[in-house]
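A quick write-up on the structure given underneath.
Any read-out appearing in this document is the output of simple, stated calculations on the displayed coordinates, not a laboratory observation. Please read all numbers here as calculations on a predicted model, not as lab measurements. Cβ atoms come from the backbone with ideal geometry, glycine included; neighbour counts cover every protein chain shown.
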Amino acid sequence: MIPNWKYQTPHTVLVPYMKSLQVFPEGILGALYMETVNSGVKDIVFWGGVKLIDFDGFVAFMSSSKVIAQIYSVREGETVKAVGYCFLHEVDGVDGARRSFFGFCFFKDYWGKREVRDLIWLSLAYWFYECRIDVLYGITLSDNYLARNVARKFGFREMAALPQFLYRQEKLADATLVMLNKHTFTPLYEEAVRSGALEIGERMSQALQEGPGAPAPGYYFK
């Protein structure tokens, strides 16, 4: 799929969004935006303020130098199909003390499938080990119980209730702040690999053997 790429399983692959990496055809961002709208999650993924995004805003956001984006993908025969995307934004700090907010979106045809679970593992590992993030923060609607339950399964802790924090559907809605740090994530990830709950390639297995939380070379921060 992507030669020597660690962040893939037999059925899924996490693809960094880079114009120099021609895994998807030109216009992929337009397709991602339309699937986001069709899945009915645009106002959940992109809430309030600058995130009330139209098509042009979506393209600008995903292409911004201040956003680190990846595309969730599955293998269908010899082809790769986008089934969602994720991103880091508002990244701040230095190696050893770097935090970021994150967002993710899966298209409705894949909700509840194993591929979603595998791709969340891969994206979290990519952020912690490649992007050198130490702490992740996320904000979700308080009544989005599916997202909150999924977050707990991957080690996120709910840190605070945020009353009337998100602007959605012309009114303010309650939100929940969640947090995950690398030290909490690493043993959960290693256990998923050891138990076979997450099938990864030999290269990633070797990287894990280098030691708990051993960082891979960073692509974004020097």
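What the table below lists for this structure:
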quantity: Three-way shape label, region 15-157, alpha-carbon gyration tensor, a/c 1.5; calculated: rounded
quantity: Relative exposure of Val15, Val41, judged by other C-beta atoms within 10 Å (fewest first); calculated: Val41, Val15
quantity: Contour minus Cα-Cα distance for Thr184 and Arg157 (0.36 nm per residue); calculated: 8.7 nm
quantity: Gain upon complete extension [Phe101, Asp174; 0.36 nm per residue less C-alpha separation]; calculated: 24.5 nm
quantity: Additional length obtainable on full extension of the chain from Gln164 to Phe55, 0.36 nm per residue less Cα span; calculated: 36.6 nm
quantity: Ranking of Val74, Val59 by count of other Cβ atoms within 10 Å, fewest first; calculated: Val59, Val74
quantity: Three-way shape call for region 91-205 based on the alpha-carbon gyration tensor, with the a/c threshold at 1.5; calculated: oblate
quantity: Likely footprinting exposure, Leu119, Leu162, fewest C-beta neighbours within 10 Å first; calculated: Leu162, Leu119
